[in-house]
Structure formats: C-alpha cells, structure tokens
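S.K.: Have a look at this one before I ask anything.
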Amino acid sequence: MDTLIHNIGQLWMVNPGDRAMGGAEMKGLVPMENAWFRVRGEHIVEVGQGDFTEDLNLPIHKVDCEGGLVIPGFCDSHTHIVFADWRPEEFLQKIRGMSYSEIAEQGGGILNSAKKVRYSSHADLVEKAKSRVLECIGYGTSAIEIKSGYGLNVESELKMLRAIAELKSWSPIPIKATLLGAHALPIEYKENRKAYIEMVVKELIPMAASEGLADYFDVFCEQGFFTQQETELMLEAASGFGMRGKIHANELGLTGGVQAGLKYNALSVDHLEHLGEDEIRLLKQGNTQPTLLPSTAFFLKMPYPNGRRLLDENLPVVLATDFNPGSSPSGNPWFVWSLASIFMKFEPVEALAALTLNGAHAMELGGKYGSIWPGKVASFIILPKLKSLSMIPYRFGGGLAYRVFTHGKEWVK
C-alpha cells in the first residue's frame with residue numbers, strides 16, 4: 001500500500017539537485033507550500049502541490065501533517081560511536097580547568113578509550129553501539145558515518161571495523177565505515193613514531209582492505225598528533241587500496257590537514273576551528289567538503305569555526321555531530337543546528353542544507369538521501385505548524401515535537 005504524506009504547510013529541500021550545495025544555493029532555498037508526496041515501499045514516487053487527486057483503484061495510507069513542516073532526515077557524516085565506555089571522569093577534569101591536550105598528556109582522551117576498547121569483546125562493542133545508532137535514529141538521523149580509531153593497533157582497529165561491519169548489516173539506516181588509522185600515538189610507540197606509521201601503512205590498511213571493512217580513511221592531522229607529511233604518507237597508502245580520505249583537520253591549529261586533504265582529493269576535511277586564507281583558497285579550488293562540528297567546540301570551550309566565512313565563499317559546508325565519548329558526547333543534530341545558528345551565524349535554511357543534503361554527499365549518499373524528490377529514499381521528519389523555519393534552532397536542542405520516518409515507515413521512539 002502506498003503512503004500519502006499530505007497537508008504539509010512547508011516541504012523543505014525539494015529537488016535541490018544532484019550535488020552538494022554551495023553557500024549561495026543553501027541560502028536561496030525556499031519551501032514548497034501546501035505540498036504532498038507519495039511513498040511506495042522505501043522510496044518517494046511523486047511530489048505535488050495543492051489537493052492530492054486520489055486514484056480510487058489504489059489503496060493508500062494517509063499521514064496528515066496538519067499544516068506542519070517536513071524536512072529530510074539528517075545525514076551525520078562524522079561520528080565515533082563504536083567505543084567501549086563513556087568518559088565522565090574527564091568531564092570533571094575539564095570542569096576543574098584541564099585542557100583537552102593536558103588530559104591527553106596524562107593518558108586520558110583517545111588513549112583512555114583505546115585502553116577500554118582493547119579489553120572489550122566484539123559483541124560488547126556491537127551491543128553498545130547499537131543503542132547509540134538507535135538513539136541517533138530517534139533524533140531523525142537517516143544515514144551515518146562511524147569511525148574506528150580507538151584501537152591504535154592492528155587487532156583492535158580491525159575489531160572496531162568488524163563491529164561497524166556488523167552494525168551495517170543490522171542497521172535500519174545506511175552506515176559508512178571509516179578507518180581512523182592514525183587517531184593518536186599509542187603508549188607503546190611513544191618513542192617510535194615511524195614504526196607506528198609503518199604499521200598503519202604496511203599492515204592495518206592492507207588488512208582492512210582485504211576484508212572490505214573501510215569505505216574511507218582518516219588521520220588526526222593535529223598539533224601533538226600527526227603532521228601533514230605523516231598524513232600524506234598514510235593517505236597515499238590508503239588511496240592505493242581505494243580508500244578516499246576524510247581528514248581531521250585544523251581543530252587545534254593550522255596543521256596542514258586541509259592541504260593534505262586537498263592534495264589527495266579527500267571527500268571532506270572536518271573540524272576547521274582554525275582557518276587561514278590559504279586553506280579557504282584551496283577549498284574553493286577543490287572538491288573537498290568542509291565539515292564543521294560545533295558541538296565539539298561547545299563541549300571543549302574552543303573557538304567556533306568560521307562557518308559564516310565558508311558559506312559566504314560559496315563552499316558546500318557540512319554540519320555533523322562528532323558523536324564520541326570525549327569531546328562531543330551527543331548525537332543530537334537539532335542541537336548542532338542551534339549551535340550553528342547561534343555561534344556561527346548560519347541562517348536556519350543554510351544549516352538545514354548542511355545537515356541533510358550536504359551531509360549525504362559527504363558520505364557519497366546524496367543520490368538517495370538528504371532531500372525530498374521522486375527516487376529518493378523516504379526518510380524524513382514531520383514537525384508541527386511553525387511560524388518559520390527559524391523556530392527550530394530558536395527552540396534549541398530539539399525543543400519541538402517531531403515524528404521520524406525512515407525508509408517509508410514511521411520510527412517509534
């Protein structure tokens with residue numbers, strides 16, 4: 001039986017094209033008013049305006065939106081949700097004034113999570129991550145990327161990737177897997193960086209590729225972690241196995257992550273709390289999407305990325321949650337939307353595009369997710385009748401009631 005989603009006051013992200021949107025296009029989006037669309041199975045088959053002319057020979061299930069708003073499901077292109085346990089003890093250290101780098105130097109941060117992953121079973125990692133995936137779907141997330149990076153040796157990194165592979169086969173939404181092969185330098189390699197990088201290049205990348213475990217490859221190209229030259233060496237190796245880059249870049253300083261990402265045609269460079277004119281110029285010349293993670297800046301009390309500048313330069317900006325146990329323990333895209341508007345001067349419609357279609361393209365899923373149009377997967381969110389789209393980030397943190405549909409069916413939270 002078809003499903004008719006009707007009596008929509010404003011239908012957003014209708015047919016915005018088949019590529020990521022630049023800032024000017026994002027700002028220029030307008031809704032289709034008094035709209036409806038028809039769903040057959042998992043896909044949208046028809047979109048229209050005004051009264052729906054019903055085919056009396058075709059049974060149809062109707063969903064009345066009562067004049068509310070409909071938006072596509074969120075596409076979260078940067079998360080770390082396979083991990084062994086939360087790190088609330090570090091939260092207390094932050095409250096008492098310690099920085100992210102100081103906690104890391106004392107064996108906390110990424111190394112803390114790595115130790116816990118190494119002692120966790122595959123089954124435990126999968127079960128805990130399942131609950132986080134379900135949490136994200138409840139927020140309206142319709143596609144998600146998950147990174148490894150808390151293993152820091154071949155055995156544990158592969159354990160994480162195999163956990164993500166099991167999640168892929170189970171998940172109601174698509175999952176993309178990223179091998180974050182160089183997230184931090186483990187204690188046992190503290191005096192031998194070269195040996196660790198050689199292990200990643202000669203063992204970890206080939207073994208992950210042989211099992212088909214990773215869609216993408218990532219490096220934490222940051223001060224105190226991995227240099228631009230080291231990042232490029234590992235990207236070169238990963239590209240030889242068909243893994244395109246998704247790089248942690250410029251969270252802690254101007255560390256060359258953007259340059260490395262653009263050199264190897266990375267799908268995205270993520271974080272970008274620090275940006276110079278050279279980085280902006282390079283981003284305008286390439287096909288790499290800048291991805292901003294404002295909830296990380298919020299949680300770590302860091303300067304927010306200059307998202308307004310990137311939008312004004314007409315770049316296809318992405319927003320994602322960075323859901324992880326240390327620097328962004330939340331997978332809530334509604335809160336990211338509010339942070340983007342409040343602290344980075346995103347207009348609400350710009351943030352919507354960055355959280356949906358552009359996020360989908362940052363996972364190479366833009367052909368099926370991120371907008372409302374025939375042929376697209378019917379994953380969307382119904383909101384109540386609102387004065388304007390601005391009400392969504394204004395009621396920060398997801399303060400409005402909403403209904404989530406994924407693959408044509410309503411998701412019961």
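S.K.: Just one of the numbered conditions (1) buried (at least 24 other Cβ atoms within 10 Å of the Cβ); (2) under 17 Å from Ala214 (Cα atoms) is not true of Asp270; which one?
M.R.: Status for Asp270: all satisfied but (2).
S.K.: Same structure, new question: Taking the range 179-200 as the search range and keeping residues that are more than 27 Å from Ser77 (Cβ to Cβ) and of a type in the set (A, V, I, L, M), which one is surrounded by the fewest Cβ atoms within 10 Å (Cβ to Cβ)?
M.R.: Across the range 179-200, the extreme among qualifying residues is Ala195.
S.K.: Please work out which one of (1) in the same structural domain as Ser121 (by TED's automatic domain parsing); (2) buried (at least 16 other Cβ atoms within 10 Å of the Cβ) is the condition Trp86 fails and give its number.
M.R.: If we test Trp86 against (1) in the same structural domain as Ser121 (by TED's automatic domain parsing); (2) buried (at least 16 other Cβ atoms within 10 Å of the Cβ), just (2) comes out false.
S.K.: Also, quick follow-up: Are there any pairs, at least 6 apart or on different chains, whose C-beta atoms fall under 6 Å, with the first in the range 203-224 and more than 23 Å from Met363 (Cβ to Cβ) and the second assigned to a helix (DSSP H, G or I), and if so, which?
M.R.: Qualifying pairs under 6 Å: Glu203/Val154.
S.K.: Could you grab the pairs with beta carbons closer than 7 Å, sequence gap of 6+ or different chains, first residue in the range 117-143 and surrounded by fewer than 16 Cβ atoms within 10 Å (Cβ to Cβ), second one assigned to a helix (DSSP H, G or I) and not hydroxyl-bearing (Ser, Thr, Tyr)?
M.R.: His122/Lys159; His122/Arg162; His122/Ala163
S.K.: While we're looking at this one, here's another question. Answer with yes or no whether Ala351 is assigned by TED's automatic domain parsing to the domain that holds Pro88 and either among the small types (Gly, Ala, Ser) or touching a His at 6+ places or on another chain (Cβ under 7 Å) (or both).
M.R.: Here the answer is yes, as Ala351 does meet what is asked.
S.K.: Report the residue count in the range 47-90 for those that are without any contact (Cβ under 8 Å) to a residue 60 or more places away in the chain, charged (D, E, K, R) and part of a strand (DSSP E or B).
M.R.: Residues in the range 47-90 being without any contact (Cβ under 8 Å) to a residue 60 or more places away in the chain, charged (D, E, K, R) and part of a strand (DSSP E or B): 2 in total.
S.K.: When you go through (1) within 18 Å of Val318 (Cα to Cα); (2) surrounded by fewer than 20 Cβ atoms within 10 Å (Cβ to Cβ); (3) of a type in the set (D, E, K, R) one by one for Glu211, which number turns out not to apply?
M.R.: (1)
S.K.: Farther than 18 Å from Thr178 by Cβ, acidic (Asp, Glu) and either in a helix (DSSP H, G or I) or modelled with pLDDT of 95 or more (or both), is that true of Glu198?
M.R.: The answer is yes for Glu198.
S.K.: Ok, one more. Would you check which residues across the range 296-319 are among the acidic types (Asp, Glu) and either farther than 17 Å from Pro348 by Cβ or part of a loop (DSSP other than H, G, I, E, B) (or both) and list them?
M.R.: The answer is Glu313, and nothing else.
S.K.: Restricting to helices (runs of 4 or more DSSP H) lying wholly in the range 343-413: which have 3 or more residues that are in contact with a Phe, Trp or Tyr (Cβ under 6 Å, 6 or more places away or on another chain), buried (at least 17 other Cβ atoms within 10 Å of the Cβ) and of a type in the set (Asp, Glu)?
M.R.: Counting at least 3 such residues, we get no helices (runs of 4 or more DSSP H) at all.
S.K.: Is there a residue in the range 321-335 that is over 12 Å from the mean Cα position of the chain (by Cα), in a loop (DSSP other than H, G, I, E, B) and either assigned by TED's automatic domain parsing to the domain that holds Leu389 or of a type in the set (Val, Ile, Thr) (or both)?
M.R.: no
Listed here are the residues, each with its yes/no results for (1) at pLDDT 95 or above; (2) touching a helix residue (DSSP H, G or I) at 6+ places or on another chain (Cβ under 6 Å); (3) assigned to a helix (DSSP H, G or I); (4) outside the structural domain of Glu102 (by TED's automatic domain parsing).
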residue: Met160; (1), (2), (3), (4): yes, no, yes, no
residue: Ser169; (1), (2), (3), (4): yes, no, yes, no
residue: Pro172; (1), (2), (3), (4): yes, no, no, no
residue: Glu191; (1), (2), (3), (4): no, no, no, no
residue: Lys194; (1), (2), (3), (4): yes, no, yes, no
residue: Ala214; (1), (2), (3), (4): yes, yes, no, no
residue: Phe225; (1), (2), (3), (4): no, no, no, no
residue: Leu233; (1), (2), (3), (4): yes, no, yes, no
residue: Ala237; (1), (2), (3), (4): yes, yes, yes, no
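S.K.: Looking at the range 246-260 only, could you name the residues that are touching a Cys at 6+ places or on another chain (Cβ under 8 Å) and in a helix (DSSP H, G or I)?
M.R.: Across the range 246-260, the qualifying residues are Gly257, Ala260.
S.K.: Among (1) over 22 Å from Asn34 (Cβ atoms); (2) in contact (Cβ under 8 Å) with a residue 12 or more places away in the chain, there is one condition Val412 misses while meeting the rest; what is its number?
M.R.: (2)
S.K.: Is it fair to say Pro384 is at pLDDT 95 or above, closer than 14 Å to Val70 by Cα and not aliphatic (A, V, I, L, M)?
M.R.: In short, yes.
The values are calculated or read from the model by the stated rules, or taken from the named source; none is laboratory data. Here the structure is a predicted model, which means the values were calculated and not measured. With ideal geometry, Cβ positions are generated from the backbone for all residues, glycine too; neighbour counts draw on all protein chains shown.
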